[in-house]
Structures are given as structure tokens and as C-alpha cells.
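J.: Right, I'll just put the structure down here and ask away after.
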Amino acid sequence: MKRSVLVLAALLPVLGSPPALAAERPGAHFIENWDLDGNGEVTVEEARSRRSDVFASFDANDDGFLDAEEYELFDEARAQDQAENEPAGFGRGARNPANGMRLEVNDNDGDGKVSQAEFLDNAPIWIMKIDRNGDGVVTQADFGPGRN
């Protein structure tokens, strides 16, 4: 328990702190934390870069893999982050960004753990699933009523 509290505290810079308006706008928290150049669009390159940061934060033993135990902490942190930063009811369905981070989605070879390469190489698929209008980037327009 103590370790998970420490990991969650360490993740605030990675997952972001709660912006004032993000809870009122579905997807705002995602855009604010994944749009690295601040232009309102999350590209595959930005997603891959940010996923690298996330991976490093959770690979507690620095072995290049997220195992089941590390993924448990990752799942807890994502759930807490989403509960604190997204509107009630947001996040159901395949387009929810959190769903693209799950172990079963990223474990391409089915060995029960996720390598850094697997995690980073899934960035294009992840962006494609969130990108509602198919323009190759994720913007605020890709979120909202009926878009979860």
C-alpha cells in the first residue's frame, strides 16, 4: 500500500494535476496532458513520447517490462486520475483513452507482460481508436456526448 501511494504521488507530473475546467469538458484532461506542443492536437508522435514517460514511471524494477504487479499500480493510477479529472459517466467504450492503456490491449505477444516496445508501438493504434473523425490527430472535437 505504501508503495502504491508513493507511485501515485510520483505520477502526478506524468498524469497531470486536475485543471479547473477539465472535469466539465470530456477529453480536456487528455488533451492537456498529451498535447506536448500545446497546439490542441495530440499526434501519434506526442502519444509515443508521452507513453514512454508513462512506461518509465511504472517500470519499477527497470527491467523494460510492465508485469502484472506493475500493471496493477498502473491501473489504480489511471482509475484515480480518470475519477478526479473526467466528467461523471465519461470513459465508457472503446474510445476511452484509458482503455488503450490496459495490459490485454498492449500485450501483443500474450506473455502476460508488456515490453517497452509493445507499449510504444501501440501508440498509432491507440490514437486511431480515439480519433473519432479520422483526421489522424486527437482534438477536443473527438470527445463529447455520444463519443465515448
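The values are calculated or read from the model by the stated rules, or taken from the named source; none is laboratory data. In this text, all values refer to a predicted model and were calculated from it rather than measured experimentally. Note that each Cβ is placed from the backbone with ideal geometry, even for glycine, and that neighbours are counted across all protein chains shown. In case anyone asks, the SASA skips ligands and DNA or RNA and just uses the protein heavy atoms, side chains included. Shrake-Rupley method; radii C 1.70, N 1.55, O 1.52, S 1.80 Å.
J.: Of the numbered conditions (1) open to solvent by 30 Å² or more (accessible area, probe 1.4 Å); (2) at pLDDT 95 or above, GLU70 satisfies every one except a single condition; which is it?
T.: (1)
J.: If I filter segment 33-51 for residues that are at pLDDT below 95 and open to solvent by 30 Å² or more (accessible area, probe 1.4 Å), do I get at least one hit?
T.: Checked against the condition, which is being at pLDDT below 95 and open to solvent by 30 Å² or more (accessible area, probe 1.4 Å), segment 33-51 yields no hits at all.
J.: Within segment 73-87, can you find the residues that are at pLDDT below 90 and either in contact with a strand residue (DSSP E or B) (Cβ under 7 Å, 6 or more places away or on another chain) or surrounded by fewer than 13 Cβ atoms within 10 Å (Cβ to Cβ) (or both)?
T.: ALA79, ALA83
J.: For PHE90, which of the numbered conditions (1) surrounded by 14 or more Cβ atoms within 10 Å (Cβ to Cβ); (2) at pLDDT 85 or above; (3) under 28 Å from GLY136 (Cα atoms); (4) hydrophobic (A, V, I, L, M, F, W, C) fails to hold?
T.: Looking at each condition in turn, PHE90 falls short on (2).
J.: Can you tell me which residues in segment 93-138 are surrounded by 16 or more Cβ atoms within 10 Å (Cβ to Cβ), at pLDDT 95 or above and in a loop (DSSP other than H, G, I, E, B)?
T.: Hits for segment 93-138 are ASP107, LYS113, ASN122, VAL137.
J.: Report, by residue number, each residue of segment 52-63 that is part of a helix (DSSP H, G or I) and open to solvent by 20 Å² or more (accessible area, probe 1.4 Å).
T.: Listed by number, the residues that qualify are SER52, ASP53, ALA56, SER57.
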